[in-house]
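Visitor: Here it is, the structure in full.
Read the figures in this text as sums done on the coordinates, not as results from a lab. Note that the structure is predicted; figures quoted are calculated from it, not measured. Methodologically, a virtual Cβ is constructed for each residue, glycine included, from the backbone with ideal geometry; neighbour enumeration extends over all protein chains shown.
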Amino acid sequence: MKYIILLGAPGAGKGTQAKLLQESLGLPQVSTGDLFRFNLKNETELGKLANTYMEKGQLVPDDVTIAMVRDRLAQPDCSEGAILDGFPRTVAQAEALDRLLADFGGRITLVPSIKVEQEVLVDRLVNRARLEGRADDNEETIRTRMIVYEQQTRPLLEFYGKQGLVVEVDGRQTVEKVQADLLQVIQEN
Ligand code: B4P
């Protein structure tokens, strides 16, 4: 079983890279952002609840997010592992994931961290707003998401760093070059 976590600030390219990696590695991409947006589109109770947080740039509560990931990872296509994109985003989620994977008899294999400076991230997200019209890609929400990242998600670098799982990848390069670097670090580890 192989569980790879892509870490990075909002707009670092986690989703972009996870989609490409799933083909090369033969593992499914599990994106909490995509799962919330899918639920919202289908007007489920979970989707409506998640949206009240997403539209403000805040994190959806841990218990809701963890339960959703537990269901997703229990599905047959995740039997060999998964590429986790956007999860965990808090230390409480990371601890819950450890317990969850222990139940499945698995553990985290590697945590590539995609590094990009904040000014570049804001430009990318403003641009994505133009292209995709995502409700949480306006400037005020983007600012909140960056603060939330610094306060709640950045500590994961230390959490996984202590376990020797973090490898850094330069996310300012082209999509293709970032993908090549990711594949290289995954193969080497
Ligand atoms: P996510 O859907 O995870 O979105 P993200 O962090 O903003 O984007 P990502 O890093 O995947 O960037 P992308 O590849 O799209 O989260 C959205 C919201 O959902 C959160 O704010 C939160 O409310 C909620 N949520 C999700 N997970 C949660 C959790 N675990 N707990 C609680 N709440 C949760 O790339 C961004 C843009 O850059 C794209 O336009 C792309 O084309 C471009 N780009 C990518 N790579 C590039 C490159 N190398 N060069 C130039 N442009 C590039």
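Visitor: Mind telling me which of 118, 152, 75 comes out most flexible in a GNM of the chain, alpha-carbon contacts under 10 Å?
Guide: Of 118, 152, 75, the Gaussian network model singles out 75 as fluctuating most.
Visitor: Any idea what Rg and Dmax come out to for region 48-108 if you just take the C-alpha atoms, in Å?
Guide: So, for region 48-108, Rg and Dmax equal 12.3, 37 Å respectively.
Visitor: For the chain, restrict the atom set to alpha-carbon positions and state the Rg and Dmax in Å.
Guide: Gyration radius and largest Cα-Cα distance of the chain: 15.6, 43 Å.
Visitor: Taking 8 Å as the Cα distance limit and 6 or more residues as the minimum spacing, I'd like the relative contact order of the chain as a percentage.
Guide: 33
Visitor: Residue by residue through region 68-77, which ³J(HN,Hα) values in whole Hz follow from phi under the Karplus form 6.51 cos²θ - 1.76 cosθ + 1.60 (θ = phi - 60°), with glycine and proline marked x?
Guide: With coefficients 6.51, -1.76 and 1.60, one gets 5, 5, 4, 4, 5, 6, 7, 6, x, 5 Hz.
Visitor: Distance between the C-alpha centers of region 7-49 and region 50-117? Whole Å please.
Guide: 10
Visitor: Determine ³J(HN,Hα), in whole Hz, for all residues of region 146-153 in sequence, where each value follows from phi through the Karplus function 6.51 cos²θ - 1.76 cosθ + 1.60 and θ = phi - 60°; x replaces Gly and Pro.
Guide: Those phi angles translate into 5, 5, 4, 4, 4, 7, 10, 9 Hz.
Visitor: Continuing with this model, one more query. Can you tally the net charge around residue 138? Count Lys and Arg as +1, Asp and Glu as -1, for every other residue whose Cβ sits under 13 Å from the Cβ of residue 138.
Guide: Charge balance in the 13 Å sphere: 0.
Visitor: For region 42-47, what does the Karplus curve 6.51 cos²θ - 1.76 cosθ + 1.60, with θ = phi - 60°, yield as ³J(HN,Hα) per residue in whole Hz, taken in order and with x for Gly and Pro?
Guide: 8, 6, 7, 4, 4, x
Visitor: Starting from 0 in steps of 10 Å, tell me what percent of the Cα-Cα pairs of region 74-156 lands in each bin.
Guide: Per 10 Å bin, starting at 0, the Cα pair percentages come out as 14, 38, 28, 19, 1.
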